[in-house]
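Report on the following structure.
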There are 2 protein chains.
Amino acid sequence: MTINYPFKKQTTRVVTRGQNVISKSNMGMKLENILNETNEYYRMHNIAVIYKKPIPIQIVKVDYPNREHAKITEAYYKIPSTTDYNGIYKGFYVDFEAKESNSKTSFPLRNIHPHQIEHLRLIKKQGGIGFIIFYFAQYDEYYVMKLSIVLKYWDDIDGRKSIPYAEFKQNGFLIKESYSPRLDYLKAWDYLLND
Amino acid sequence: MTINYPFKKQTTRVVTRGQNVISKSNMGMKLENILNETNEYYRMHNIAVIYKKPIPIQIVKVDYPNREHAKITEAYYKIPSTTDYNGIYKGFYVDFEAKESNSKTSFPLRNIHPHQIEHLRLIKKQGGIGFIIFYFAQYDEYYVMKLSIVLKYWDDIDGRKSIPYAEFKQNGFLIKESYSPRLDYLKAWDYLLND
């Protein structure tokens, strides 16, 4: 279900977690849009109810030009304590993060926040389905990856904190972009249940 | 898990959905704080993983005084499409909204958004546990209420769109405020499974 807001959406720039300034209009937005459309399709067809969570913001100042319109004039991005997406499918609690990289050889894990990995661990412990969707922009390939494989690289202290492309090819679940739904990631369900 | 943000939390004023301007420092904040503390307790003790979702904001302008600090200088509140709280307990997907009223005789439903009720309906259809926590500030009483009872009043076209206090006394699940956890709403679990 789409809500129409009274304010026009404009292109804004965002800062990735303590790293580079990027333009939200390109990097990351394709993946977010494709997932939002997919989740809307899932909801419309009573397949699953999964949403992207709002970006966490610390609001400091609000102006009231009139009763109806509150204008936030000072706010800051907060570090997310959980993943971006969660919901329900086939009675299961589903929870995941989605990341994109321009690399061709491996997927760097540095822009996944430690809290997010700890969160996914807890979800798994509680009987939920937690995973990560990785988008290799250079290949235009989307991989659903089991948490256990991600953790193998995440927990490797001596490792380079990235997952080689070959690992995705071998043990990830490739999802092809399509029309309706745009990215049918729930096709990886049996693969995920087997985690 | 609590994250410490680099910016001091200040008291801000918020606008309830198209209605009155209220001070966030009192109305609503007690309920939100008590639930956040409870959810933190649940997570710390590996009981459940439940979070409040961030407030949905439409960001329009961002300033960059330096690389590290992005300052949002223009943003607006958006209408939430889902409820405020969700997570996992005993393998079940859990989803709820929490509301507060100063009324003594009945709980008005006007500040619950139609999208939120539709969302809870879908959750129930998917096999999840959906409910609402009502706080009667005048009595300092918290009631967990099954969705089916809320819907009885919500769907009553000729009704006054409020739930009488007597209904809570009779068919709600009263939760007393305590110390640790502050509001043990998962005590209502069997009541909710019976919905």
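Which of the residues belonging to region A:92-118 are assigned to a loop (DSSP other than H, G, I, E, B) and among the small types (G, A, S)? Lay out the reasoning, then the answer.
First, pick out the residues of region A:92-118 that are assigned to a loop (DSSP other than H, G, I, E, B): A:102-105, A:109-113.
Within region A:92-118, A:S103 is the sole residue that qualifies.
Would you mind telling me which numbered condition in (1) over 30 Å from A:K187 (Cα atoms); (2) in contact with a Ser or Thr (Cβ under 6 Å, 6 or more places away or on another chain); (3) not small (G, A, S); (4) not in a strand (DSSP E or B) A:K61 fails?
Only one criterion is unmet by A:K61, namely (4).
I need the full set of residues from region B:78-91 which are closer than 14 Å to B:W189 by Cβ, assigned to a strand (DSSP E or B) and more than 7 Å from chain A (Cβ to nearest Cβ), in order please.
Here is the first cut: in region B:78-91, the residues closer than 14 Å to B:W189 by Cβ are B:87-91.
Within this subset, residues satisfying the condition of being assigned to a strand (DSSP E or B) are B:87-89.
Selection gives B:G87, B:Y89.
So B:I132 fits all but one of (1) part of a strand (DSSP E or B); (2) within 14 Å of chain A (Cβ to nearest Cβ); what number is the exception?
(2)
Just to be sure before I move on: is A:I50 crowded, with 16+ Cβ neighbours inside 10 Å, within 14 Å of chain B (Cβ to nearest Cβ) and within 17 Å of A:A188 (Cα to Cα) in the structure I sent? Talk me through it step by step, then tell me what you get.
Details: crowded, with 16+ Cβ neighbours inside 10 Å: yes; within 14 Å of chain B (Cβ to nearest Cβ): yes; within 17 Å of A:A188 (Cα to Cα): yes.
In short, yes.
Can you pull out the residues in region B:75-101 that are more than 16 Å from the chain's Cα centre (by Cα) and more than 29 Å from A:I129 (Cβ to Cβ)?
B:A75, B:Y76, B:Y77
With (1) buried (at least 19 other Cβ atoms within 10 Å of the Cβ); (2) within 7 Å of another protein chain (Cβ to nearest Cβ); (3) in contact (Cβ under 8 Å) with a residue 60 or more places away in the chain as the list, and B:I72 as the residue in question, which single condition is left unmet?
Unmet condition: (3).
So which pairs qualify, if the first residue must be in region A:109-122 and over 18 Å from A:I133 (Cβ atoms), the second must be outside any loop (DSSP other than H, G, I, E, B), the Cβ gap must be under 8 Å, and the two must be at least 6 apart or on different chains?
Pairs that qualify, where the first residue is over 18 Å from A:I133 (Cβ atoms) and the partner is outside any loop (DSSP other than H, G, I, E, B), are A:L122/B:R43; A:L122/B:V49.
Laboratory data are not the source of any read-out in this text; all were calculated from the coordinates shown. Please read all numbers here as calculations on a predicted model, not as lab measurements. Here Cβ is always computed from backbone atoms with ideal geometry, including for glycine, and neighbour counts include all displayed protein chains.
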